[in-house]
Amino acid sequence: MSDSYKTIKAEATAELTEKRSRFIASVRPVLSEEEAVGFINGLRQEYWDATHNVYAYIIRENNIMRYSDDGEPSGTAGMPVLDVLKKEGLTNLCIVVTRYFGGILLGTGGLVHAYSKSAKRGIDAAGTAEMVLCRELKIRCSYTMLGKLRSALEKRNVIIGSIAYTDSVVIPLFVPLEEEEGVAKLVAELTNAAAEIERGDEYYRAL
């Protein structure tokens, strides 16, 4: 499994109208198939009166890809939505495109276009992010070291969390694995090895 992947930043919705048919794209980041199915079922309840609730999702773990046309002609709905996700290089997300039929048939090509366009609008509304595998580090140092350390760390490709101020200062960091040793070396050099570094677990974070 690679040390990074691309997904959406947040849950979002976007709408599109094609020949009086209303399309609502709902997207959400998910980490498991159970989360995706729960999202789909929730939207089916919310849009219980819709003509179709088409969905597609990709889960990074075990490389899971699923889609459903939900009653639309085969190949005109779920697969075009899934293709948008694949083309964008996205994973760990689920998208449901809800359609309220407007009385005018769109035809095969029109359906593919409408569902693809709706999916893209949903993704654009959510925004995308590169998730990088990071190590959580906690740096404990004296108050006199804080200014120099913080200034140097802010120039690095790391995430600085909420600093804790007690008898000493604790700076929480999320550091890409490939930069972990470099950051540790920097901290040691800047503090003459006086700062303590506690290594925590690995997490995916958007840098």
Given 0.36 nm per residue, what is the gain on full extension from Lys19 to Glu196 after removing their alpha carbon distance, in nm? 57.3 nm
Report in % the part of the accessible area of the stretch 160-204 that belongs to carbon and sulfur, leaving out ligands and nucleic acids; probe 1.4 Å. 47 percent
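Counting only helical runs of four or more DSSP H residues, what would the 222 nm mean residue ellipticity of the chain come to if each run contributes -39,500 (n - 2.57) and the total is spread over all its residues? Don't skip to the end; give the middle numbers.
On the way: 5 runs with 67 residues, N = 207.
Result for the chain, helices only: -10500 deg cm²/dmol.
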Distance histogram in 10 Å bins (all Cα pairs of the stretch 89-207, percent per bin): 11, 32, 18, 13, 12, 9, 5, 0
Starting from the 7 Å offset along Cα-to-Cβ, what nm value, one decimal, do you get for the label separation of Met65 and Asp124? 2.4 nm
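Put Arg22, Arg99 in order of accessible area, largest first, 1.4 Å probe: what do you get? Provide the component values of the computation, followed by the final result.
Numbers: Arg22 100, Arg99 10 Å².
If we order Arg22, Arg99 from most to least accessible, we get Arg22, Arg99.
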Need the C-alpha centroid separation for the stretch 24-50 versus the stretch 102-168, integer Å. 22 Å
The answer for the chain, accessible area per residue at 1.4 Å probe in Å², is 52 Å²
By per-residue mean of other Cβ atoms within 10 Å, what is the highest-first order of 59-70, 109-120, 196-207? 109-120, 59-70, 196-207
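When the accessible area of the stretch 4-96 is computed with all protein chains present and a 1.4 Å probe, what percentage of it is carbon and sulfur?
Details: 2000 of 4530 Å².
C and S atoms contribute 44 percent here.
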Could you pull the Cα extents of the chain along its three principal axes, largest to smallest, in whole Å? 73, 29, 26
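Sorted by packing (mean other beta-carbon atoms within 10 Å per residue), highest first, where do 73-81, 163-171 land?
On the way: 73-81: 18.8, 163-171: 13.2.
Sorting 73-81, 163-171 by mean packing, highest first, produces 73-81, 163-171.
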Ser142 to Ser4: FRET efficiency via 1/(1 + (r/R0)^6), r the Cβ-Cβ distance, R0 35 Å, to the nearest 0.05? 0.50
How big is the stretch 117-156 on each of its three principal axes, counting only the C-alpha atoms and giving the largest first in Å? 55, 18, 13
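Where Rh is the Kirkwood radius over the Cα pairs of the stretch 157-201, the temperature 25 °C and the viscosity 0.890 mPa s, what D in µm²/s does Stokes-Einstein return?
Values: Rh = 11.4 Å.
D = 215 µm²/s.
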On alpha carbon coordinates alone, what is the Rg over Rh value for the stretch 16-134, Rh being the Kirkwood radius? 0.97
On a 0 to 90 degree scale, rounded to 10, what angle separates helix 107-126 from the longest Cα axis of the chain? 20 degrees
Residue-span extension gain [Ser32 to Asp83] - 0.36 nm each, minus C-alpha spacing: 16.4 nm
For Phe101, what is the net charge nearby, where nearby means another residue's Cβ is under 12 Å from its Cβ and Lys, Arg count +1, Asp, Glu -1? +1
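The values are calculated or read from the model by the stated rules, or taken from the named source; none is laboratory data. It should be emphasised that the depicted structure is a prediction, and the values quoted were computed from it without experimental measurement. Virtual Cβ from ideal backbone geometry, glycine too; neighbours counted across all protein chains shown. Heads up: the accessible areas ignore ligands, DNA and RNA and are worked out on the full protein's heavy atoms, side chains in. Shrake-Rupley method; radii C 1.70, N 1.55, O 1.52, S 1.80 Å.
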